[in-house]
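Encoded as C-alpha cells, the structure appears first; notes follow it.
The values are calculated or read from the model by the stated rules, or taken from the named source; none is laboratory data. All values derive from a computational prediction rather than experimental measurement. Virtual Cβ from ideal backbone geometry, glycine too; neighbours counted across all protein chains shown.
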Amino acid sequence: MLLTSIPIGYLADWVKEDERTLKGIQACGFVGFALSYVIAGPSNLPGATTFDGLHWFMFATALKGASSATLNACFNDLLLGIAEDDDTSRSRLSGLWNVAQMLGVVASGLLGPLQDAFQFDGLCTITAMTSLLFAAGLFIVAHAAGPVQVLPNDLNSLSTEPTSMDGVGHPCSAEKQPIDDNVRLLQDA
C-alpha cells in the first residue's frame, strides 16, 4: 500500500478540483478490490475458477493494498464544494472521515469471528459484488459530474440586497428596477 499510496495521493492532490478524475480513481480502486476478493476468497459457485496456492493469495493481498490506496482520492472528493478557508467544515469532515474508517476497522474485527463461527464462505464474494456496485455507481456519477460550485463558508455573506417587484409581479434586484412610469403607477395602486 505504501508504494502506491504516495503516487495516488500525489495524483489526487494534483487533480483535486476535478470531480470526474477523483471518482474515476476511486472506481478503479473498487474494481481492484473486487478482483482481489475474487482471487483470495473461496468460491462455491458452479463453474467458478478457484485460485489455490500461496502465490495467488499474495497477489490478491498486493492488489488489495494497491487498490486501498485509491481511498486517498476520496477525501479530496469529499472536500469539493467546501471553501478552502472554511477550517471548521474541513475539520468536521476530517473527523467524520476518520470515525467512518475506525467503524470499518471495528466492524471487520467483529465480522471475522462471526464468519468463522457460522462457517460462512461467501464474505469475499459479497465484498467483491459490493465493490463492483460501488465502482459502477462511481463511474456513473463521474460521467454525469458537472462543474463544482464552492459554497461560501458564511451563509450570511450571501447577497441580501433589497428586491422589488417588476411590472409583472416578479422580484427583481435594485439594479433592475422598472423604468416605465406606467408600471410604477400600477405597482403603487
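Figure legend. Inter-residue proximity from the range 124-142: first residues within 20 Å of Val15 (Cβ to Cβ), second residues at pLDDT below 90 and surrounded by fewer than 17 Cβ atoms within 10 Å (Cβ to Cβ), beta-carbon distance below 6 Å, spacing 6+ or different chains. Indicated pairs: Ala142/Arg20.
Please pick out the residue among Ala73, Ala34 that is small (Gly, Ala, Ser), modelled with pLDDT under 80 and not in a loop (DSSP other than H, G, I, E, B).
Details: Ala34 fails: modelled with pLDDT under 80.
Exactly one residue qualifies, and that residue is Ala73.
Number of residues in the range 24-40 that are out of contact with any Gly (no Cβ under 9 Å at 6 or more places or on another chain) and either among the aliphatic types (A, V, I, L, M) or outside the structural domain of Gly53 (by TED's automatic domain parsing) (or both) equals 7. Every test in (1) crowded, with 18+ Cβ neighbours inside 10 Å; (2) touching a strand residue (DSSP E or B) at 6+ places or on another chain (Cβ under 6 Å) is passed by Gly81 save one, and that test is (1). Of the residues that make up the range 119-128, is at least one in a helix (DSSP H, G or I), touching a strand residue (DSSP E or B) at 6+ places or on another chain (Cβ under 8 Å) and in the same structural domain as Phe75 (by TED's automatic domain parsing)? So far as the range 119-128 goes, no, none of its residues is in a helix (DSSP H, G or I), touching a strand residue (DSSP E or B) at 6+ places or on another chain (Cβ under 8 Å) and in the same structural domain as Phe75 (by TED's automatic domain parsing). Counting the residues of the range 43-70 that are surrounded by 14 or more Cβ atoms within 10 Å (Cβ to Cβ) and at pLDDT below 80 gives 2.
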